[in-house]
1. Counting only protein chains, not ligands or nucleic acids, how are Asp72, Asp10 ordered by accessible area (probe 1.4 Å), most first?
2. When the Karplus curve 6.51 cos²θ - 1.76 cosθ + 1.60 is applied with θ = phi - 60°, which whole-Hz ³J(HN,Hα) does each residue of segment 8-13 get, with x for Gly and Pro?
3. Going by accessible area, probe 1.4 Å, with all protein chains left in place, what is the ranking of Glu69, Glu41, largest first?
4. Provide the solvent-accessible area of Ser33, counting protein heavy atoms only and rolling a 1.4 Å probe, rounded to the nearest 10 Å².
5. For the pair Leu67/Gln17, report the inter-label distance in nm, with labels modelled 7 Å from Cα in the Cβ direction.
6. If R0 is 41 Å, what FRET efficiency do you get for Arg24 and Glu78 from their C-beta distance, rounded to 0.05?
Amino acid sequence: MVLLRRVIGDALRARRQGQHRTLREVSSAANVSLGYLSEIERGQKEPSSELLAAICDALGARLSELLREVSDTVALAEQMPNVLVPVQDEPAEPAAVPAAPAAKATNRAVRQVSSDGTVAVSVRQDSPLKATLRTTRVRPAERDRDVVCAA
């Protein structure tokens with residue numbers, strides 16, 4: 001399962017780093033503590049809509065642009081097989097089931113490039129109910145290399 005707060009955090013960090021700005025600069029402009037902004041970017045805290053709008057404003061971005069980017073990332077992940085569904089363990093015989101079963105980490109990694117070749121999404125399945133999404137903008141040279149490899 002994808003954690004929306006992690007995808008939002010990745011999108012905010014990518015925008016900030018793309019502008020070559022520090023956490024301190026953006027936190028000051030958005031009137032949010034540096035530590036809290038850092039936690040948001042790392043996907044540890046989920047910002048309110050008001051706070052997200054203030055951070056977008058500090059980055060000179062529209063909230064709708066950020067949400068569209070997040071939506072596109074999740075949509076790409078949904079197209080990947082078995083990414084946004086819990087991983088089902090094979091059922092064990094009743095006598096073999098331990099008293100407190102532990103979730104198995106699958107550590108699957110998948111990479112997919114959007115149909116227009118501008119965004120790549122990498123997914124790592126951390127556990128049956130947790131997946132980590134990483135999005136990157138694909139540069140023209142990388143796009144050409146992906147096309148050559150796919151042919």
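1. Asp72, Asp10
2. Running phi through 6.51 cos²θ - 1.76 cosθ + 1.60 with θ = phi - 60° gives 4, x, 4, 5, 5, 4 Hz.
3. Highest to lowest solvent-accessible surface, that is Glu69, Glu41.
4. Rounded to the nearest 10, that gives 70 Å².
5. Between Leu67 and Gln17, the simple spin-label model gives 2.6 nm.
6. 0.70
The values are calculated or read from the model by the stated rules, or taken from the named source; none is laboratory data. Everything numeric here is computed off the predicted structure, so don't read it as measured data. Methodologically, a virtual Cβ is constructed for each residue, glycine included, from the backbone with ideal geometry; neighbour enumeration extends over all protein chains shown. Ligands, DNA and RNA are excluded from the accessible area calculation, which covers all protein heavy atoms including side chains. Shrake-Rupley method; radii C 1.70, N 1.55, O 1.52, S 1.80 Å.
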